[in-house]
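Input: a single structure, listed below in structure tokens.
Just so it is clear, none of the values below were taken in a lab; they were calculated from the coordinates. The shown structure was predicted, so the numbers you read here are calculated from the model rather than taken from an experiment. No Cβ is skipped: glycine too gets one built from the backbone with ideal geometry, and neighbour counts run over all protein chains shown.
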Amino acid sequence: MGEAHYLEHEVHGWAARDCSGVLSPFKFSRRATGPRDVTFKVLYCGICHSDLHQIRNEWQNSKYPMVPGHEFVGIVTEIGPEVHQHKVGDHVGVGCMVGSCQNCDSCAKGAEQYCECMTPTYNDVDQDGKPTYGGYSALMVCDERFVLQIPKSLPLDAAAPLLCAGITVYSPLRYFGMDEAGKSLGVVGLGGLGHMAVKFGKAFGMNVTVISTSPSKEEEARLILNADNFLVSKNDQQMKKAVKTLDYIIDTVSAKHELEPLLSLLKVNGKLVLVGGPEEPLQLNPFAILFGRKTVAGSTIGGIKETQDMLDFCGVHNLISTIETIPFEYVNKAMDRLAKSDVKYRFVIDVANTL
Amino acid sequence: MGEAHYLEHEVHGWAARDSSGVLSPFKFSRRATGPRDVTFQILYCGICHSDLHQIRNEWQTSKYPMVPGHELVGIVTEVGPEVRQHKVGDHVGVGCMVGSCQNCDSCEKGAEQYCEHVTWTYNDIDHDGKPTYGGFSALMVCDERFVLQIPKSLPLDAAALLLCAGITVYSPLRYFGINEAGKSLGVVGLGGLGHMAVKFGKAFGMNVTVISTSPSKEEEARLILNADNFLVSKNDQQMKKAVKTLDYIIDTVSAKHELEPLLSLLKVNGKLVLVGGPEEPLQLNPFAILFGRKTVAGSTIGGIKETQDMLDFCGVHNLISTIETIPFEYVNKAMDRLAKSDVKYRFVIDVANTL
């Protein structure tokens, strides 16, 4: 015990102490590098909307002190003797999971996020009984099976949000076959998730329509993200004209909203995937899916292999997130701005330089 | 005009005159047999729940006098000179549609029921501007492309309702891949649609669980329909034990009901298809599909080719509906019983013998 103890890593980070969600400097320890562990210096960490929900205990399951962050990247400094997938000097990242049972149907299907024993990156308890701490910190120790390789061609800071925002849209776009060149994709909402969905859609060769409540987002949708079309969802005339024009829709909105107007935009056999998590139930008019044989599906993040596939795809297509880099001192202000969706399109903390 | 006129068919049938829905004898005419028409003597016609809704104007679209019936079967008596698919003496049937544009995306995909110009078998207007009349009548004239071949090995009376009830469940079971031997299928509701879903599920080699509000239906589900399991949806204990045990669910219930308990029965990646048409919106808790990547889809009847495939499948597997045959004089009483779901599992009118 004594011997293992001095090999533990003392780590600096930022934590929320209570449900006010205010973050401040915090020292904690991570386990010594185990046989299958990869240890890396964290360079950047994205701020996900889930971080905001959890530091403020909005999901009623927060444990404090909480070090959030599940979109973080860095450079490997040490590996355990049984590690084969990564080596010192690699660019790597960790997303929303640090462990799963590796034995169940979900794990076997590469969908570890649905494993009943999945360990989230933070606000949980690891297999050694210790709390898990996320990427708002200087160093990470993680089982190699949950560490992803970041293609060296991608800038690390703008790659960080791929680990949650990216995979959350990439996984269902692939799984539900919403990736066919020439088909039309509607993207509802233009935040962290939505802007990545537009980028992936364009990379797949699809015709992409952004659907938003804010007319002011049209310019950026077309000019920055190369969307082909833009629909204001509260504009009845525009929506009516667009009825039955879309093969697929990915809905990234987490506020409560109406499904039926979106479903009316789908062609026959169209699919709508929900990836945002509105907290209140949505109304589903059965005839909105009976007529036209339409589908409503849900999806949560993605499995490890899928995430690696996505990162490799991004490496080939030079796809990264559009980010605003911030120092740690700005993090509480960033959280307030995030609550108002005031960011294009993800904050990324410059961890190594500002911790 | 004069010459064509005497070639028109004078037809006896039963019609509803007003929204009381009471049916009584009615004489009308059908067009002369055109170049692509098939004319057949109607032997049997199933009573679909839609007939009940429409004679009573429950969908607010009824035109009177209305001759309902869209599960009609009989023997061909005449074919037009350009008819290739059918000949005199064939056993044939007509389902819910008698025409479509044959030109659009839906028609080309063999999903004519979603064509914007689909012509319904009754309560609609045909290309010639005349009202369409359904199978509660002695004779039918129909474009050959909407006439189905009934395998001669199947008894015509018990084959009739394959044309609506059968295809309504068969189509989504095939289209959504809910037909893999060894997988598990839940069937919600045990009426005309539900009992056929159980039969198809068993024919596909699936493990079938009937889910019903009525414990009294368990015996018939197991003994008559060979269901493997039975769940009483209001029994919380049973439902809890069955969580995450089903690959697929087909929901045939047309009354308002809760989706969430049903979705909880699905395994990861599970699919639920709605084929009943509850008139009020259902509540959809997004997390019920986000967690587990589940799908809710809808489906309406089926296309012509699908319907023919189904009939051929039924011929091979000797699959027919379980019916109660009635004379025309009983039809109003049957409608009242149908409104109370008091039938195992479909009424079929013995048209030829009792008109």
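Taken residue by residue and averaged, Cβ atoms of other chains lying within 10 Å of the Cβ of B:298-304 number 4. 3J(HN,Hα) along segment B:34-49: x, x, 10, 8, 10, 10, 9, 6, 7, 9, 9, 9, x, 9, 9, 4 Hz, from the Karplus curve 6.51 cos²θ - 1.76 cosθ + 1.60 with θ = phi - 60°, whole Hz, x for Gly and Pro. Applying a DSSP loop filter and a limit of 13 other Cβ atoms within 10 Å to the trypsin sites (Lys or Arg not before Pro) in segment A:255-355 leaves A:Lys256, A:Lys340.
Just in segment B:207-263: which GluC sites (Glu not before Pro) are loop by DSSP and have at most 12 other Cβ atoms within 10 Å? Can you show the working numbers first?
Working: sites: B:Glu218, B:Glu219, B:Glu220, B:Glu258; in loops: B:Glu258.
Here the GluC sites (Glu not before Pro) that fit, given the DSSP loop and packing criteria, are B:Glu258.
Using a 10 angstrom cutoff on alpha carbons, build the Gaussian network for chain B and name the most mobile of B:Ile178, B:Ile301, B:Ile289. Judging by the Gaussian network model, the answer is B:Ile289. With a Förster radius of 30 Å applied to the beta-carbon distance between B:Ile125 and B:Val22, the computed FRET efficiency rounds to 0.80.
Amide H contacts of B:Glu78 (H built 1.01 Å from N, in plane; Pro and chain starts excluded): B:Thr39 sit under 5 Å, all sequence-distant by 5 or more or on other chains.
Quick one: compute the contact order of segment B:24-93, relative version, from alpha carbon pairs under 8 angstrom and 6+ residues apart, as a percent. Present the calculation step by step, with values, prior to reporting the outcome.
Working: 101 pairs, mean separation 27.2, N = 70.
In percent, rounded to a whole number, it is 39.
If contacts are Cα pairs under 8 angstrom and at least 6 residues apart, what is the relative contact order of segment B:166-298 in percent? Walk me through the numbers before you get to the answer.
Values: 255 pairs, mean separation 28.0, N = 133.
Once normalised by length, the contact order is 21 percent.
Normalised by 2.2 N^0.38 Å, where N is the number of residues, the alpha-carbon radius of gyration of chain B equals 1.00. Given a 10 angstrom Cα cut-off, can you work out which residue in A:Thr307, A:Thr209, A:Thr77 is the most mobile in a GNM of chain A? Per the Cα network of chain A with a 10 Å cutoff, A:Thr77 tops the list. Peptide A:76-89 has a mean of 0 when you count, residue by residue, the C-beta atoms of other protein chains within 10 Å of its C-beta. Residues of segment A:141-161 with amide nitrogen under 18 Å from the 7 Å Cα-to-Cβ point of A:Asn226? The answer is A:154-155, A:159, whose backbone nitrogens lie closer than 18 Å to the label point. Taking θ as phi - 60° and the Karplus parameters 6.51, -1.76 and 1.60, the scalar couplings of segment B:254-263 work out to 9, 7, 5, 7, 8, 7, 4, x, 5, 4 Hz in sequence order, x denoting glycine and proline. A compact globular protein would have a Cα radius of gyration near 2.2 N^0.38 Å; the ratio found for segment B:166-298 is 0.94. Panel note: the C-alpha atoms of segment B:31-103, placed on their principal axes, show extents of 40, 30, 21 Å (largest first). I want to verify a result. In a Gaussian network model of chain A, Cα cutoff 10 Å, which of these has the top mean-square fluctuation: A:Cys96, A:Cys19, A:Cys48? Answer for the Gaussian network model of chain A: A:Cys19.
In this structure the amide hydrogen of B:Gly99, modeled in the peptide plane, comes within under 5 Å of the amide hydrogens of B:Thr119, none closer than 5 places in sequence on its chain. Counting pairs of Cα atoms in the protein assembly as shown, how many percent are more than 37 Å apart? Counting pairs separated by more than 37 Å, the tail of P(r) holds 47 percent. With 10 Å bins beginning at zero, the pair-distance distribution over Cα atoms of segment B:68-188 amounts to 12, 38, 36, 12, 2 %. Between B:Lys63 and A:Glu180, the simple label model (points 7 Å from Cα in the Cβ direction) yields a spacing of 3.6 nm. Taken one residue at a time, the phi angles of segment B:71-83 give Karplus couplings (6.51, -1.76, 1.60, θ = phi - 60°) of 9, 10, 9, x, 10, 5, 10, 7, 10, x, x, 9, 6 Hz. Gly and Pro are set to x. Over segment B:316-355, Cα pairs under 8 Å with separation of 6+ residues give a relative contact order of 56 percent. With both residues required to sit in chain A, DSSP beta bridges show an antiparallel share near 55%. For segment A:42-108, GluC sites (Glu not before Pro) are listed when DSSP marks them as loop and at most 12 other Cβ atoms sit within 10 Å of their Cβ; the list is A:Glu82.
Placing R0 at 30 angstrom, the Cβ-Cβ distance between A:Arg337 and A:Thr77 gives a FRET efficiency of 0.40 after rounding to 0.05.
Only bridges with both residues in the protein assembly as shown count here: give the DSSP antiparallel percent, nearest 5. All intermediate terms of the calculation are to be shown ahead of the outcome.
Details: 75 of 127 bridges.
Percentage antiparallel, nearest 5: 60.
For segment B:79-142 versus segment A:198-243, the spacing of their alpha-carbon centroids is 40 Å.
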